[in-house]
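One structure is given below, encoded as structure tokens.
The values are calculated or read from the model by the stated rules, or taken from the named source; none is laboratory data. Predicted model only: the values in this text are computed from it and were never measured. Positions of Cβ are backbone-derived with ideal geometry, glycine not excepted, and every protein chain shown enters the neighbour counts.
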Amino acid sequence: MFPKTHITIAAAATVIVTATVLMSPSSNVEAKRMSYSLDLEQGTVAKTNPEPERSEQPVSPSVEEQPASAAGDDAGEQPVQQVGVTDSAIPAAPDKPELEWQTFAIKSGDTLSSLFKKAGFNDGIMLSVIHGDGEAGELQRLYAGETIRFATTGDGALASVELQRNLLETLKVSREGQSFTGEMEVRKPEARPAFASGTIDGSLYLAAREAGLTDQLTMELAGIFGWEIDFVYDVRKGDQFEVVYEELYLDGEKFGAGRILSARFVNRGEENVALLYTDSNGDSDYYNPNGKSMRKAFLRTPINARVSSPFNLQRRHPVLDVVRPHEGTDYGAPPGTPIKAAGAGRVQFAGWKGGYGRTVILKHGDNITTLYAHMSRLGKGMKNGTRVKQGETIGYVGSSGMVTGPHLHYEFRLNGAPRNSRTVKLPDAKPISSSEMARFKQVTEQRIAQFGVFRESYQQLALASDD
Ligand SMILES: [Zn+2]
């Protein structure tokens, strides 16, 4: 009997830890978590405060709050809603008995007209709704999978139409007097910090899954450390990671994962720590505890693909069959795969360039250019002089120019001379500025402390489950 109980307890403890370690462990931890509610600037951890979060946006006066007979001129003095529950907290709260709601899941083939008809309203009413004020016209953009609701008053008149696009967005078109007014309501999920940790046995991907991270978070984790660690070649069995990330909640229910707030990755015994920091301009990025950017000024790889042909100044050309230096690196990828700007800069060339085919050349500062060739098409707005950000999509993989198959040919040039983009020493992205350093230290120290709290309670739970 005993071993069985033991296993159950251990399993339960593991689940608690990997799900959200601070949801309920000790009151001590809970208290510490409370004390962090001030430090994380952009309202992230502030939201861990157990007080219920409500949308700050006042809910617009809507007809459903008042009898249709009074809908004319007293919109300003509608009764206070019961127990502070707002419309936005409960979509389409049918809490007024005089409104009758009909709900339809939108399927492909449905039209607004057919949906109005199903609800008992003709095209004339539909037109007066979509020609209403505000964002009422948005009702015409319907997609399968969305939900539409009609509210009818006791006398059969249409009071409002609500189009729920997804869990966060609802277009509400309500009668106001003789006409309709539409407003898009966007809800903000509540973000609560959660913790996951693991040790790599096979791949980061597998270990992260086991730790409860979504694939999306794992990609982000790899992206944060990807500047220092090559997750294809450098990761070893025994490498460890810890992540504090946001779990997003709507009405107390888990909705998805948000951003990574801090992360630690021990690669071959070497510790790397990354902290998310939003500067006074509102720009967020990851830095190490000393304020050094986790990024380089250039992406090592401007595409999510494997090398198909390396940089080689003595290569035989695959088409011409003569020794012709390969002044770049090729990445094999399906046509249409997005190509990212390796660094921030300006477009120096965008168009057709002989054997290179459809090509973009970016200029970064005074002495570095990057070139991206054989595109199927250029990214939006790519023309001479366009400013691009690092990571922005500048084009898509194709097989234009002289090629044997679709791939990206990528060149990195320093003072005009080709360099191997995979080995060239890349300049760091800008560190925290000295004027920002005091604030950075304050925010990140608290975040590091938070990290420690998570880790401790994780270890305590793991320990408790071992006894
Ligand atoms: Zn090439």
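Structural remarks
- Contact map, region 365-384: first residue on the phi > 0 side of the Ramachandran plot, second residue in a strand (DSSP E or B) and more than 16 Å from the ligand (Cβ to nearest atom), Cβ cut-off under 8 Å, separation 6 or more or different chains; pairs are G365/G345.
- Any hit, region 229-238, residues being buried (at least 16 other Cβ atoms within 10 Å of the Cβ), touching a residue at least 60 places away in the same chain (Cβ under 8 Å) and more than 13 Å from the chain's Cα centre (by Cα): no
- Exactly one residue out of K254, K172 is on the phi < 0 side of the Ramachandran plot and surrounded by 20 or more Cβ atoms within 10 Å (Cβ to Cβ): that is K172.
- Exactly one residue among G351, G395 is within 16 Å of the ligand (Cβ to nearest atom), modelled with pLDDT of 95 or more and small (G, A, S), and that residue is G395.
- Subset of region 209-235 (residues that are modelled with pLDDT of 90 or more and part of a loop (DSSP other than H, G, I, E, B)): A211, G212, L213, T214
- Looking only at residues in region 293-317 that are of a type outside the set (A, V, I, L, M) and under 23 Å from the mean Cα position of the chain (by Cα), the one that is farthest from the ligand (Cβ to nearest atom) is S293.
- Qualifying residues in region 393-406 (those that are surrounded by fewer than 18 Cβ atoms within 10 Å (Cβ to Cβ) and out of contact with any helix residue (DSSP H, G or I) (no Cβ under 9 Å at 6 or more places or on another chain)) - the one nearest to P318 (Cα to Cα): T404
- Answer residue from region 354-376, given it is of a type in the set (G, A, S) and within 12 Å of the ligand (Cβ to nearest atom) and is modelled with the lowest pLDDT among those: G355
- Meets criteria (free of Cβ contacts under 8 Å to residues at least 60 places away in the same chain, farther than 14 Å from F298 by Cβ and either of a type in the set (A, V, I, L, M, F, W, C) or crowded, with 20+ Cβ neighbours inside 10 Å (or both)) for H409: no
- Just one of (1) of a type in the set (A, V, I, L, M, F, W, C); (2) closer than 23 Å to E176 by Cβ; (3) touching a Leu at 6+ places or on another chain (Cβ under 8 Å) fails for F104. It is (2).
- The sole residue among K172, K118 that is assigned to a helix (DSSP H, G or I), more than 30 Å from V243 (Cα to Cα) and either among the basic types (K, R) or modelled with pLDDT of 95 or more (or both) is K118.
- Candidates in region 323-339 are the residues that are assigned to a strand (DSSP E or B) and touching a Leu at 6+ places or on another chain (Cβ under 6 Å); of these, the one that is nearest to the ligand (Cβ to nearest atom) is Y331.
- All conditions but one from (1) assigned to a strand (DSSP E or B); (2) of a type outside the set (G, A, S); (3) within 15 Å of the ligand (Cβ to nearest atom) apply to L320; the one that does not is (1).
- Checked against the criterion of being in contact with a strand residue (DSSP E or B) (Cβ under 6 Å, 6 or more places away or on another chain) and not acidic (D, E), the candidates A191, A208 yield just one match: A191.
- For first residues located in region 110-127 and surrounded by 13 or more Cβ atoms within 10 Å (Cβ to Cβ), partners that are of a type in the set (S, T, Y) and lie 6+ apart or on another chain with Cβ distances below 8 Å form the pairs A119/T152; M126/S113.
- Residue that is farthest from the chain's Cα centre (by Cα) [pool: residues in region 151-165 that are surrounded by 22 or more Cβ atoms within 10 Å (Cβ to Cβ) and more than 14 Å from E185 (Cβ to Cβ)]: L158
- Flag if N415 is closer than 19 Å to E327 by Cβ and within 16 Å of the ligand (Cβ to nearest atom): no
- Qualifying residue in region 310-317 (condition: in a strand (DSSP E or B) and either touching a Ser or Thr at 6+ places or on another chain (Cβ under 7 Å) or buried (at least 17 other Cβ atoms within 10 Å of the Cβ) (or both)): no
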